[in-house]
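The values are calculated or read from the model by the stated rules, or taken from the named source; none is laboratory data. Only a predicted model underlies this, so the values are computations on that prediction, with no experimental measurement involved. So basically every Cβ, Gly included, is an ideal-geometry build from the backbone, and we count neighbours across all protein chains shown. Just so you know, the surface numbers come from the protein's heavy atoms only, side chains and all, with ligands and any DNA or RNA stripped out. Shrake-Rupley method; radii C 1.70, N 1.55, O 1.52, S 1.80 Å.
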Amino acid sequence: MTVAANIQLVRATIAAACLRVGRSPTEVTLVAVSKTHPAERVLEAIEAGVQHFGENRVEEAEGKIPEVNQRTSDTLTWHMIGHIQSRKARQVPPLFQVVHSVDRLKLAARLSQQMVETGGRLDVLLEMNISGEASKGGFQAAGWSGEAAVRAALWAEVEQTLALPGLHVRGLMTMAPIVDDMEQTRPVFTNLAALRAALADSFGVELPDLSMGMTDDYPVAVEEGATLVRVGRAIFGTREE
Ligand SMILES: *Cc1c(COP(=O)(O)O)cnc(C)c1O
């Protein structure tokens, strides 16, 4: 399968998921996750109409993003989806237009500070650890709806993040656990959607975006309200990592 054919299939799958739940496919942005793949593959995806790309490592993005931008006349949106070490935070805003992986207050504060110095606001999503897995990054959100202490701590962190002058918090992001049957991911996605609604209500802000769903689970994520799906392997094939 070519990259173009894969993209067509992913778009059809998104459209079918939207149809099942009465959503419009225009509400869902496909972010093609190009990590580990060279600029040539990204250019093939651009030819097939994709304008949003996700990368997870600053070092890789530093070479690839300028190269791709130079080789296309399209205006692309680059999404940072991977863990950001604090000492690498400065390198992120010049490369990326959206950061999905703001996973702690300290990182949010650093990115904000930098934007204040250079001017402008950075679009970000707050990564939530919904499943509670120790291996996952994100603000601690497991149990937020039932455990008062979890909720209080999370609300305090989000409140401070929302107050940062250099960030524009567009919504929430999560990664579902790896499971055998994608249906098992559904509770994580419904939980993130509920958390988004609760935070938006508490703080009186709009949090329009939900970044959720990857190759193995994006149809379920779309059914549960994803506005950004991050799809790698279904577009570019398996990675040699
Ligand atoms: C790699 C990655 C993806 C894409 O994963 P696939 O399974 O290849 O679709 C999505 N989100 C994040 C955070 C990733 O690191």
Nitroxide proxy distance, nm - points 7 Å out along Cα→Cβ at residue 60 and residue 87: 2.1
Over the chain, with every protein chain in place, what whole percent of the accessible area is carbon and sulfur at 1.4 Å, could you tell me? 50
Nitroxide proxy distance, nm - points 7 Å out along Cα→Cβ at residue 181 and residue 200: 3.1
Taking a cut-off of 25 Å between Cα atoms, list the lysines near residue 35, but don't count ones fewer than 8 places away on the same chain. 64, 88, 136
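Counting only Cα atoms, I'd like the Rg/Rh figure for the chain, Kirkwood definition for Rh. All intermediate terms of the calculation are to be shown ahead of the outcome.
Numbers: Rg = 17.3 Å, Rh = 18.2 Å.
Radius of gyration relative to Kirkwood radius: 0.95.
Find the relative contact order for the chain and round it to a whole percent, using C-alpha pairs within less than 8 Å whose residues are 6+ positions apart.
Values: 447 pairs, mean separation 49.6, N = 241.
That works out to 21 percent.
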Using a simple spin-label model with points 7 Å from Cα along the Cα→Cβ vector, what separation in nm is obtained for residue 5 and residue 117? 4.9
Which whole-Hz couplings ³J(HN,Hα) result when phi for each residue of region 89-101 is put into the Karplus expression 6.51 cos²θ - 1.76 cosθ + 1.60, θ = phi - 60°, listed in order with x for Gly and Pro? 4, 4, 7, 7, x, x, 9, 10, 8, 9, 10, 8, 10
Connecting every pair of Cα atoms under 10 Å apart in the chain and solving the GNM, the largest mean-square fluctuation among 131, 34, 24 falls on 24
I'd like the distance separating the alpha-carbon centroids of region 164-220 and region 88-112, in whole Å. 19
Per residue, the convex hull enclosing the alpha carbons of region 139-178 has a volume in Å³ of 78
When the C-alpha atoms of region 138-241 are aligned to their principal axes, what extent does each axis show, in angstrom, from largest down? 40, 32, 26
Looking at the chain as a GNM with Cα springs under 10 Å, which of 14, 84, 178 has the largest mean-square fluctuation? 178
Work out which helices of the chain, taken as complete DSSP H runs, extend at least 15 Å along their axis over the Cα atoms and score a mean Kyte-Doolittle of 1.0 or more, then list them. 3-21
